[in-house]
């Protein structure tokens, strides 16, 4: 199953961001996003780690917005 395109479409990072996260060219990152080919295991691991860090930043931002708005967690 090719979940890389789904992951990248969900997060919506720019090609420059993906390339910087994994230290590859934009064209290689574009190939992953298009589903043309899969990243090698080391690049896949770097992409997973970067995705998790990105998700943590988004969660932190959401928590800040929640606190600033006085929103109670359910």
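Laboratory data are not the source of any read-out in this text; all were calculated from the coordinates shown. If you're wondering where the values come from, they're calculated on a predicted model, not measured in any experiment. Here the Cβ is made from the backbone with ideal geometry for all residues, glycine too, and neighbour counts use every protein chain on show.
Got the relative contact order for the chain handy, in percent, Cα pairs under 8 Å and 6 or more residues apart? Can you show the working numbers first?
On the way: 35 pairs, mean separation 20.4, N = 74.
Computed value for the chain: 28 percent relative contact order.
Where does each of 71, 4 land when they are ranked from fewest to most other beta-carbon atoms within 10 angstrom? Intermediate results must be reported in sequence, preceding the final value.
Details: 71 10, 4 22.
By the 10 Å Cβ count, ascending, the order reads 71, 4.
Beyond 13 Å, what share of the Cα-Cα pairs of the chain remains, rounded to the nearest whole percent? Please report the intermediate quantities before stating the final value.
Details: 1842 of 2701 pairs.
Percentage above 13 Å: 68.
If the range 35-74 were replaced by its equivalent ellipsoid, with semi-axes equal to the square roots of 5 times the Cα gyration tensor eigenvalues, what would those be, largest first, whole Å? Mind showing how you got there, number by number?
On the way: eigenvalues 223, 17, 9 Å².
So the equivalent ellipsoid measures 33, 9, 7 Å along its semi-axes.
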Could you tell me how many degrees, from 0 to 90 and to the nearest 10, lie between the Cα long axis of helix 41-68 and the main elongation axis, the longest principal axis, of the Cα atoms of the chain? 20 degrees
Fewest-first sequence of 65, 48 by Cβ atoms within 10 Å of each Cβ: 65, 48
